[in-house]
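Following: one structure in structure tokens, then a few remarks.
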Amino acid sequence: MEMQLGAMLHVYKGEYGLPSIDFECLRALCLLRFTRCPMDVQTSSNPLRSGAGKLPYLQIGNQKFAGYRQIKRVLDLEGYPIDAHLSTKQKHLSTAYANWVFTNLHAYYHYFLYGEPHNFDTTTRGLYAKRTPFPFNFYYPSSYQREACDVVQVMAGFDVNDKLDKHEGDYLVVNAKKVVNLLSRKLGRKVWFFGDTYSEFDAIVYSYLAIIFKIALPNNPLQNHIKGCQNLVNFINRITKDIFRNEGYSSIKLTKTPSGTEASLTASERKFMDSDLNTKIVAGVGAVLAMGAFAAWRGIYNQLTTRSSTDYDGIDYEDDELEEGLD
């Protein structure tokens, strides 16, 4: 299994200047770029081909390795371990810090990107839908919302399906802000968290903070808090511009008037907004047609069953009970 021959990492395409919109994809990309692994990246991928129904996945010949952990294991075996330059003590600290960040930022990330209804409906759903082939783009993004429901329920103790006033988002925000403050102090003026050497911990922090900081969500309390930590902003921007200088992507180019306010939509932004509107229109028409077809089918079915009732043995079968039995 030669890494140089035919290896391909499949990830979601980026937005807002990032190489990917997805945390798992972004830290998998960090593994490649930090270690300078010679591998091609494919951003127009079908997540259903991964074998796990999600991106990222690594394909070498006919073999597929889905998910960050499997990808990292392959890179380690092929001679591209991301923590190779760390001392034994630093490796232990990297693992401990990573678990700590995961505990406090993972629920925030999942809630505000996928669980918070307004954020998901106006922003996140569209980002994933545009990167998923038709017709799966109509329902596939909801799989991330369902996963977020499980993550938030376990890690934060509330259900995102409950009414919005029962969402304990403040609890997530307080913990996330504490993490950002401690990360800012930990980084200080260093280039990397462990000095002059990159680590898996740098990849994890960058992947969380870059997405939270860059993606324009209607409700994102941590974004302004990150802005107040200039060294973390520099950390995010430096990796984005230097390491991913050829992979960052943005379909929206906003211009500013002399007063500092946003000008009218540019051509690229109009195209982005129009495509988002078209997606919603097509989805709505598809839903209406599906409901109409179902209603028509039920009407024909009821007529047929009424006409042929003399052929039955005298037992009335309720449609709802039959469907429940099939379920």
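Yes/no matrix, rows are residues, columns are (1) under 30 Å from residue 36 (Cα atoms); (2) hydrophobic (A, V, I, L, M, F, W, C); (3) at pLDDT 90 or above:
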{"position": "71", "(1), (2), (3)": "yes, yes, yes"}
{"position": "92", "(1), (2), (3)": "yes, no, yes"}
{"position": "126", "(1), (2), (3)": "no, no, yes"}
{"position": "147", "(1), (2), (3)": "no, no, yes"}
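So which of 84, 28, 52 is at pLDDT 95 or above and of a type in the set (Gly, Ala, Ser)? So the residue among 84, 28, 52 that is at pLDDT 95 or above and of a type in the set (Gly, Ala, Ser) is 28.
For segment 20-76, name all the residues that are in contact with a His (Cβ under 7 Å, 6 or more places away or on another chain) and of a type in the set (Val, Ile, Thr). Those that are in contact with a His (Cβ under 7 Å, 6 or more places away or on another chain) and of a type in the set (Val, Ile, Thr): none in segment 20-76. The residue of segment 163-177 that is surrounded by the fewest Cβ atoms within 10 Å (Cβ to Cβ), among those that are modelled with pLDDT under 95 and either of a type in the set (Lys, Arg) or outside the structural domain of residue 101 (by TED's automatic domain parsing) (or both), is 163. A residue that is of a type in the set (Ser, Thr, Tyr) and without any contact (Cβ under 8 Å) to a residue 24 or more places away in the chain can be found somewhere in segment 72-87.
Filtered by the rule that a residue be surrounded by fewer than 19 Cβ atoms within 10 Å (Cβ to Cβ), in a helix (DSSP H, G or I) and aliphatic (A, V, I, L, M), segment 12-66 gives a lone residue, 48. When residue 231 is tested against the conditions (1) crowded, with 16+ Cβ neighbours inside 10 Å; (2) at pLDDT 95 or above, the lone failure is (1). As a summary of the residue check, residue 17 satisfies the conditions (1) modelled with pLDDT of 95 or more; (2) at negative phi; (3) not aliphatic (A, V, I, L, M) except for the one numbered (2). For segment 95-125, a residue qualifies if it is open to solvent by 10 Å² or more (accessible area, probe 1.4 Å) and in contact with a Pro (Cβ under 8 Å, 6 or more places away or on another chain), and the qualifying residues are 118, 122, 123, 125.
Yes/no matrix, rows are residues, columns are (1) farther than 30 Å from residue 198 by Cα; (2) more than 21 Å from the chain's Cα centre (by Cα):
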residue: 74; (1), (2): no, yes
residue: 83; (1), (2): no, yes
residue: 120; (1), (2): yes, no
residue: 157; (1), (2): yes, yes
residue: 160; (1), (2): yes, no
residue: 168; (1), (2): yes, yes
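Quick check: anything in segment 26-36 over 17 Å from residue 243 (Cα atoms) and either in contact (Cβ under 8 Å) with a residue 40 or more places away in the chain or not polar (S, T, N, Q) (or both)? No: segment 26-36 contains no residue that is over 17 Å from residue 243 (Cα atoms) and either in contact (Cβ under 8 Å) with a residue 40 or more places away in the chain or not polar (S, T, N, Q) (or both). For segment 135-154, does any single residue satisfy the condition of being closer than 21 Å to residue 228 by Cβ, crowded, with 20+ Cβ neighbours inside 10 Å and under 19 Å from the mean Cα position of the chain (by Cα)? Looking for residues that are closer than 21 Å to residue 228 by Cβ, crowded, with 20+ Cβ neighbours inside 10 Å and under 19 Å from the mean Cα position of the chain (by Cα), one finds none in segment 135-154, hence no.
The values are calculated or read from the model by the stated rules, or taken from the named source; none is laboratory data. Because the structure is a prediction, the values reported are computed rather than measured. FYI the Cβ positions are ideal-geometry reconstructions off the backbone, even for glycines, and counts take in every protein chain you see. Note: accessible area is taken over every heavy atom of the protein model, side chains too, but ligands, DNA and RNA are not part of it. Shrake-Rupley method; radii C 1.70, N 1.55, O 1.52, S 1.80 Å.
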